[in-house]
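Colleague: One structure, as structure tokens, below. Some questions next.
The values are calculated or read from the model by the stated rules, or taken from the named source; none is laboratory data. Just so you know, these numbers come straight off a predicted model, no measurement behind them. Heads up, the Cβs are rebuilt from the backbone with ideal geometry, glycines too, and the neighbour counts pull from every protein chain shown. These accessible areas exclude ligands, DNA and RNA; they are computed on the full protein's heavy atoms, side chains included. Shrake-Rupley method; radii C 1.70, N 1.55, O 1.52, S 1.80 Å.
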Amino acid sequence: MAELACIVWGSSGHARVLRDLLDDLGGHIVALVDRDPQAVSVVEGAPVLAGQAGLSKFLETWQGERLGGCVAIGGARGADRREVLDVFAAAGLDLP
């Protein structure tokens, strides 16, 4: 896998797993997105963006490499995961 900068939707346990996986594959997380305004980043140096509005603001100013999007939402929330994938795809993010 070539170096891939990723935005991860979700900022807790599953995000830690994706952080470790991306590290192993040569990628890195540049931001996390969470609908919870109290969410805390599990990735040093990666901000937590406030929902879709925060994601949009981040993407407007992003000047780095091409971005991928990964979903870190667990449990029986398949509809939420699909919704986030649609948001990422509409924003033009790669979906590795």
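Colleague: Ranked from highest to lowest mean number of other Cβ atoms within 10 Å per residue, what is the order of the peptides 10-23, 46-59?
Modeller: 10-23, 46-59
Colleague: Return P(r) of segment 1-50 (all Cα-Cα pairs; 10 Å bins starting at 0; whole %; ordered from short to long distances).
Modeller: Histogram of Cα-Cα distances, whole percents per bin: 31, 55, 14, 1.
Colleague: Report, in debye and to the nearest 20, how large the dipole of the chain comes out about its Cα centre when Lys and Arg carry +1 and Asp and Glu carry -1 on their Cβ.
Modeller: 240
Colleague: Just the number please: accessible area per residue for segment 4-96, 1.4 Å probe, all protein chains included, in Å².
Modeller: 55
Colleague: With semi-axes √(5λ) of the Cα gyration tensor in Å defined as stated, name the option among [x] 53, 17, 13; [y] 28, 19, 11; [z] 17, 16, 14 computed from the structure displayed.
Modeller: So the calculated entry is the one marked [z].
Colleague: Kindly list the residues of segment 1-36 that lie in the label zone of Asp94, defined by a backbone N under 12 Å from the point 7 Å along the Cα-to-C-beta vector.
Modeller: Answer for this model: 1-7, 26-28.
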